[in-house]
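J.: Please see the structure below; I have some questions.
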Amino acid sequence: MSRRLAGVLLALVVLAADQGSKYWVLHGAQLTDGHVLTLLPVLNFVLVWNHGITFGMFMSHGNAGRLVLAGVALCVVAALLTWLWRVERWLTTLAIGAIAGGAVGNVADRLQYGAVVDFIQAHIGPYSWYVFNVGDSAIVCGVAVLMLESLLRQPAGGDRKAA
């Protein structure tokens, strides 16, 4: 399998998992606003509609803001796919695919519902992280892989030092 195809397939798998889990939360589990479904002592499902972007920023700009955010996100996805097509490292390709799939899932929510469906809440006692979704998880994991890869990558020419 080619590296490019693997990256695109991972993006599609992330998109399907993201949209499928959101569909289940909205229609199968029938999770309503404010209702908490406890899965584990450290994990809940709770429906939150994120009208902004990361951590709810820019929530107050109405329909125009929603369309602008979706448009910007689609431009970012186009840039990611261009990068995916040009990059030569497998790990980078897969990380970009994960980020693109998660981003497209969130754009689809924004266009369909006017907000992103978030529902996963990790917590320890009263200390809770933000509520997020499968696409958000793929984005964070993909960015973490890109950062680690960048930090661990050998400079061109291996261990040789400049003369």
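J.: Criterion first (part of a loop (DSSP other than H, G, I, E, B) and either surrounded by 14 or more Cβ atoms within 10 Å (Cβ to Cβ) or at pLDDT below 95 (or both)) does GLY52 satisfy it? First the steps, then the outcome.
T.: Numbers: part of a loop (DSSP other than H, G, I, E, B): yes; either surrounded by 14 or more Cβ atoms within 10 Å (Cβ to Cβ) or at pLDDT below 95 (or both): yes.
Against the criterion (part of a loop (DSSP other than H, G, I, E, B) and either surrounded by 14 or more Cβ atoms within 10 Å (Cβ to Cβ) or at pLDDT below 95 (or both)), GLY52 qualifies.
Okay, residues lined up against (1) of a type in the set (Gly, Ala, Ser); (2) in a loop (DSSP other than H, G, I, E, B); (3) at pLDDT 95 or above; (4) in contact with a His (Cβ under 6 Å, 6 or more places away or on another chain):
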position	(1), (2), (3), (4)
GLY101	yes, no, yes, no
ARG110	no, no, no, no
ILE120	no, no, yes, no
ILE139	no, no, yes, no
SER150	yes, no, no, no
GLN154	no, yes, no, no
GLY158	yes, yes, no, no
ALA163	yes, yes, no, no
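J.: Considering only region 122-137, state which residues are in a loop (DSSP other than H, G, I, E, B) and of a type outside the set (Val, Ile, Thr).
T.: GLY125, PRO126, TRP129, TYR130, ASN133
J.: Out of ILE139, ILE120, ILE124, I need the residue that is farther than 18 Å from ARG3 by Cβ, aliphatic (A, V, I, L, M) and in contact with a Pro (Cβ under 9 Å, 6 or more places away or on another chain). Which one?
T.: Details: ILE139 fails: in contact with a Pro (Cβ under 9 Å, 6 or more places away or on another chain); ILE120 fails: in contact with a Pro (Cβ under 9 Å, 6 or more places away or on another chain).
When all the criteria are applied, what remains is ILE124.
J.: Please work out if VAL117 is touching a residue at least 40 places away in the same chain (Cβ under 8 Å) and either over 17 Å from LEU9 (Cα atoms) or surrounded by fewer than 16 Cβ atoms within 10 Å (Cβ to Cβ) (or both).
T.: yes
J.: What are the pairs, 6+ residues apart or on separate chains, where a residue within region 30-51 that is farther than 25 Å from LEU67 by Cα has its Cβ under 8 Å from a residue that is hydroxyl-bearing (Ser, Thr, Tyr) and outside any loop (DSSP other than H, G, I, E, B)?
T.: Matching pairs, first to second residue: ASN44/THR38.
The values are calculated or read from the model by the stated rules, or taken from the named source; none is laboratory data. No experiment lies behind these values; they were computed from the predicted model shown. Here Cβ is always computed from backbone atoms with ideal geometry, including for glycine, and neighbour counts include all displayed protein chains.
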